[in-house]
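First the structure, in the form of structure tokens, and then the observations on it.
The values are calculated or read from the model by the stated rules, or taken from the named source; none is laboratory data. Treat the numbers as computed from the prediction; the structure is a model and nothing was measured. When the accessible area is computed, the model is the full protein with side chains, heavy atoms only, and any ligands, DNA or RNA have been set aside. Shrake-Rupley method; radii C 1.70, N 1.55, O 1.52, S 1.80 Å.
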Amino acid sequence: QVQLVESGGGLVQAGGSLRLSCAASGSIFRINVMAWYRQAPGKQRELVATIGSGGFANYADSMKGRFIISRDNAKNTVYLQMNSLKPEDTAVYSCNAAGTNRMGLGFTSWGQGTQVTVSS
């Protein structure tokens, strides 16, 4: 079992910043890819950013230049630095991790999500 727990969400003013964290724990041998997703009320879940084990990152076009994804492999933690926040960024942000557990089996795990609310 691999568990992911997000933190760092909250209420911020437009133009402000937040740093989200997602810590993975449990039967982890290797995490290959970690990602952030978000889902706003009435909208489908969308990909925010991904980061591979080597640190290479990819972003959705709407987040490029404002958000930065990073990871600390020693802590099995992925971060999302969110800058220049807009009311449209209001959503539940959740993280995902895929890799291999200690039994040699592949896993894909999701966190419960953390609420980000941006006021106008």
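List of remarks:
- Once all protein chains are placed together, Ile51 keeps about 10 Å² accessible to a 1.4 angstrom probe.
- Mean-position separation - Cα centroids, region 44-62 and region 72-120, in angstrom: 10
- Heavy atoms of the protein chains alone define the surface here; on that basis the chain has 53 Å² accessible area per residue at 1.4 Å probe size.
- Between the amide H of Gly16 and those of Leu85, distances stay under 5 Å, these residues lying 5 or more places away or on another chain, with hydrogens modeled in the peptide plane.
- Springs between Cα atoms under 10 Å define the GNM used for the chain, and in it the highest mean-square fluctuation of Ala97, Ala35, Ala60 occurs at Ala60.
- Expected-Rg normalisation [2.2 N^0.38 Å, Cα atoms] applied to region 72-120: 1.52
- Percent carbon-and-sulfur accessible area, the chain, ignoring ligands, DNA and RNA, probe 1.4 Å: 50
- Of the listed residues Met82, Met103, the order by accessible area with a 1.4 Å probe, largest first, is Met103, Met82.
- Note: relative contact order over region 1-94, using C-alpha pairs below 8 Å and six or more positions apart, is 33 percent.
- Bridges between two residues of the chain, per DSSP, are antiparallel at a rate of about 90%.
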